[in-house]
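Notes follow the structure.
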Amino acid sequence: MLLLDATAPEERRQEILAEVQQMIEDGGTLVGVHDWGNRRLTFEIDHRPDADYKLLQFEGDNALLERLDGLKIMDGVLRFRIILQKPGGPPVPDRPEPIHAGARREDEPDGRVAARAAADAPPDADAGDDAVASVDAGDEL
């Protein structure tokens, strides 16, 4: 699984994909390439909420895996994972419905988590004065 920076120009993402495919073909056999498109990440990586997902299936030896380890430092690659698929394993899932960068699911909140929303909320007008008065008249902090 290859996660590319969704904000990178399309040409750059295609260059990276072509380079990775060439690396695989030089040291193994490329079995399949699946474009899953832009998807929202579960958590941000390098302050980026979205990534362009590419699933590459290949066969190769340990030397190929060591060369692919260089993807860690390649500009435009947010993450990559190599997962051994055992014989008889499940087939590649259908391409998930793409989520475009910046798009939100219908059930997704407006981008704030409850704790952050509470911290950013203005103080309640009725309780605000009392809270300040009690702090001023109370014990030392």
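Quick rundown of the values:
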| quantity | calculated |
| --- | --- |
| Relative contact order (percent, whole number), region 2-80, Cα cutoff 8 Å, 6+ residue spacing | 44 |
| Kirkwood-Stokes translational diffusion coefficient of region 2-80, alpha-carbon pairs, 25 °C, 0.890 mPa s, µm²/s | 190 |
| Residue-count net charge about residue 78 - beta-carbon cut-off 14 Å; Lys, Arg +1, Asp, Glu -1 | +3 |
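Just so you know, all these numbers are worked out from the coordinates, no wet-lab data involved. Just so you know, these numbers come straight off a predicted model, no measurement behind them. Cβ sites come from the backbone with ideal geometry, for glycine too, and all protein chains shown count toward neighbours.
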